[in-house]
Each structure stands twice: as structure tokens, then as C-alpha cells.
1. Could you check how many residues of segment 17-70 are among the charged types (D, E, K, R) and more than 30 Å from Leu247 (Cα to Cα)?
2. Would segment 27-45 turn up any residue that is farther than 20 Å from His181 by Cα, surrounded by fewer than 20 Cβ atoms within 10 Å (Cβ to Cβ) and among the acidic types (Asp, Glu)?
3. When you go through Leu189, Leu151, Leu171 one by one, which is the residue that is over 24 Å from Val65 (Cα atoms) and not charged (D, E, K, R)?
4. Which one of these does Ala130 not meet: (1) more than 14 Å from Pro197 (Cα to Cα); (2) over 20 Å from the mean Cα position of the chain (by Cα); (3) not in a helix (DSSP H, G or I)?
5. Having 1 or more residues that are farther than 21 Å from Pro239 by Cβ and acidic (Asp, Glu) is the bar; report the helices (runs of 4 or more DSSP H) wholly within segment 1-109 that clear it.
6. Scan segment 210-268 for residues that are in a loop (DSSP other than H, G, I, E, B) and out of contact with any Ser or Thr (no Cβ under 6 Å at 6 or more places or on another chain) and report the count.
7. Suppose we filter Ala117, Ala150 for residues that are modelled with pLDDT of 95 or more and in contact with a helix residue (DSSP H, G or I) (Cβ under 9 Å, 6 or more places away or on another chain); which single one remains?
8. Looking for something β-branched (Val, Ile, Thr), in the same structural domain as Glu221 (by TED's automatic domain parsing), closer than 30 Å to Ala260 by Cβ and in contact with a His (Cβ under 8 Å, 6 or more places away or on another chain) - is there at least one such residue anywhere in segment 125-132?
Amino acid sequence: MTTHPSTAQQGVGPLLRAWREQRRVSQLELALRADSSARHISFVETGRSRPSEEMVLRLAEHLDVPVRERNALLLAAGYAPRYPETPLDDPALGALREGIERLIGGYEPYPALVVDARYDVVAANRGIMALVDGVAPALLEAPLNAMRLALHPEGLAPRIRNLRAWRGHLLEQMERQIALHRSEPLRALYEEVAAYPVPDEDPAGEPAEPVPYFALPLRIEHEGRTLSFISSISTFNTPMDVTVAELAVETLLPADPATAKYLQAAIS
């Protein structure tokens, strides 16, 4: 994601202070975490002291700054970016792509997909493609965006039985990502999908005897029946590349035996 030009010109001190305040960490607490002193942290934030490259990376780690923004901090401090951004189709990431395809393929017949930081779909298995069958063709054109697909009135939204609750979950998820990454493109996407029309009531009410789910389910109509899923999202540990850091694997676990049985029969 792109760092706003105005923030990149502020210098590393104000940027670090902004990240610290966003994480609600005091100068003293950050100093203790980073084996430094509150005085030194104060000097760095006010520009009285130029942090070393190691210190920038150490502070960024303890503030849980995303990899892309760590590069921005290094640039603002006068150092070269540390983390490359390798295109996903680059031969260097061939093993990663193969592993992703094997992972989501092995999850079939249950749906699974991989998205980047803007929720563009970079890989999807047959379970996902079965669910999106029949939506507006324009929404299936590259780059296929998971949020548009889910919330657009010509996408999956009319089929989602608990649309209002699921929409709220997705928007909250995007809000957390915006706070974490400070991405203007992601904010623009959020404003777009949040403006999509929402019915006063869900397409269909909850079942007469609600199922005791252990997490908010996605309840979606498919070929005349309602399927229920629980969503799980995973990311890569300690990534050293911006592209890899921003990938997320989402799997949809059947939330009831009827959904599992149907998918096992329908997708083989």
C-alpha cells in the first residue's frame, strides 16, 4: 500500500510518534520494550536525534508497524528500504504460489481464497467459484475484489441471509486494516462498499430454531438451500517481503453438518 507523500516528507520522528500514539504506547513503555530510554525516544520523535537503522527497525517491530510502512520509516530516516516487494508472478515466488494453490486446493470441497492488502483475490479454489456462480460478470473481471463481490447488490449480497450482520463484520475488518496500514486505496474501497445500498431487513429471517454457532456465520443461499460457514483468516509469520506480508488466506469452514454434506456431494 502506498504511503501518503505528505507523511513521507515529515521525517522519521513524527512518523514514529504517530505510530506510537496510534498503538497507545507511552515513550517510557516503548523505551523499555526497545532497550532504550524515554529521553532518547523523545529526541528521536522531535528530530533532535537521528536514529540508527537498527533502532528504526527495532522501534517499528515493537510498534507492530506493517512491513511496507517499515520501509517508509527507513526512507524517512535516510536509509534504504529493507524489505523488497516482489510481484507475485515473479519466478522467485514460484514455490510460494505453488504452496498457496496446493493449500487452497487441498481444502476443497470447502471454499478458500487468498487476497492481498486491497482484498483483491489472487487465488481461489472451486468451492469459492461455485458460490460466486451467477453474479454480475463485471464483478468477476480482474482484479476480482472480495469486498465488492460480497457486498455489491449485483454480487453475493442478495444471497446472504444475514447480510446486515455480515456486512458489519466485513466493514469492521476493513476499519482495522485501515488503522493498521493507513492505506488511501483501502480507505477508498471502504467508502465505496460502505455506500452500497442495504435493505431494511435481511433477505430472509433467521431460522425458527437458531443454530448455536460458536462464531458469526456467513449464511448464504446456494441453489435453493442455505449454507452456513465460519470464516478463518491466516497470514504468514515473520514475512521478509512486502507482497508476502500483505497476503491473507481465508477459509470457510462448514458451520453445520448439512453444509458439509452438501459441499462434499456438490464439489468433487
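The values are calculated or read from the model by the stated rules, or taken from the named source; none is laboratory data. Because the structure is a prediction, the values reported are computed rather than measured. Don't worry about glycine lacking a Cβ; one is built from the backbone with ideal geometry, like all the others, and counts go over all protein chains shown.
1. Here is the first cut: in segment 17-70, the ones among the charged types (D, E, K, R) are 17, 20-21, 23-24, 29, 33, 35, 39, 45, 48, 50, 53-54, 58, 61, 64, 68-70.
When the remaining residues are screened for being more than 30 Å from Leu247 (Cα to Cα), the result is 29, 35, 39, 45, 48, 50.
Number satisfying all stated conditions: 6.
2. Scanning segment 27-45, I find at least one residue that is farther than 20 Å from His181 by Cα, surrounded by fewer than 20 Cβ atoms within 10 Å (Cβ to Cβ) and among the acidic types (Asp, Glu), so the answer is yes.
3. Numbers: Leu189 fails: over 24 Å from Val65 (Cα atoms); Leu171 fails: over 24 Å from Val65 (Cα atoms).
Result: Leu151 is the single residue among Leu189, Leu151, Leu171 that is over 24 Å from Val65 (Cα atoms) and not charged (D, E, K, R).
4. For Ala130, the exception is condition (3).
5. On the way: elements: 5-8, 12-22, 27-33, 38-46, 53-62, 67-76, 94-106.
Where helices (runs of 4 or more DSSP H) fall fully within segment 1-109 and carry at least 1 residues being farther than 21 Å from Pro239 by Cβ and acidic (Asp, Glu), they are 12-22, 27-33, 38-46.
6. From segment 210-268, those in a loop (DSSP other than H, G, I, E, B) are 210-217, 223-224, 235-241, 246-247, 255-256, 267-268; that's our starting set.
Adding the requirement that they be out of contact with any Ser or Thr (no Cβ under 6 Å at 6 or more places or on another chain) leaves 210-216, 223-224, 235-240, 246-247, 267-268.
Counting residues in segment 210-268 that are in a loop (DSSP other than H, G, I, E, B) and out of contact with any Ser or Thr (no Cβ under 6 Å at 6 or more places or on another chain) gives 19.
7. Testing whether each residue is modelled with pLDDT of 95 or more and in contact with a helix residue (DSSP H, G or I) (Cβ under 9 Å, 6 or more places away or on another chain) leaves just Ala150.
8. Start the filter on segment 125-132 by keeping residues that are β-branched (Val, Ile, Thr), which leaves 128, 132.
Filter once more, keeping what is in the same structural domain as Glu221 (by TED's automatic domain parsing): 128, 132.
If we keep only those that are closer than 30 Å to Ala260 by Cβ as well, we get 128, 132.
Next, only the ones that are in contact with a His (Cβ under 8 Å, 6 or more places away or on another chain) stay: none.
Scanning segment 125-132 turns up no residue that is β-branched (Val, Ile, Thr), in the same structural domain as Glu221 (by TED's automatic domain parsing), closer than 30 Å to Ala260 by Cβ and in contact with a His (Cβ under 8 Å, 6 or more places away or on another chain).
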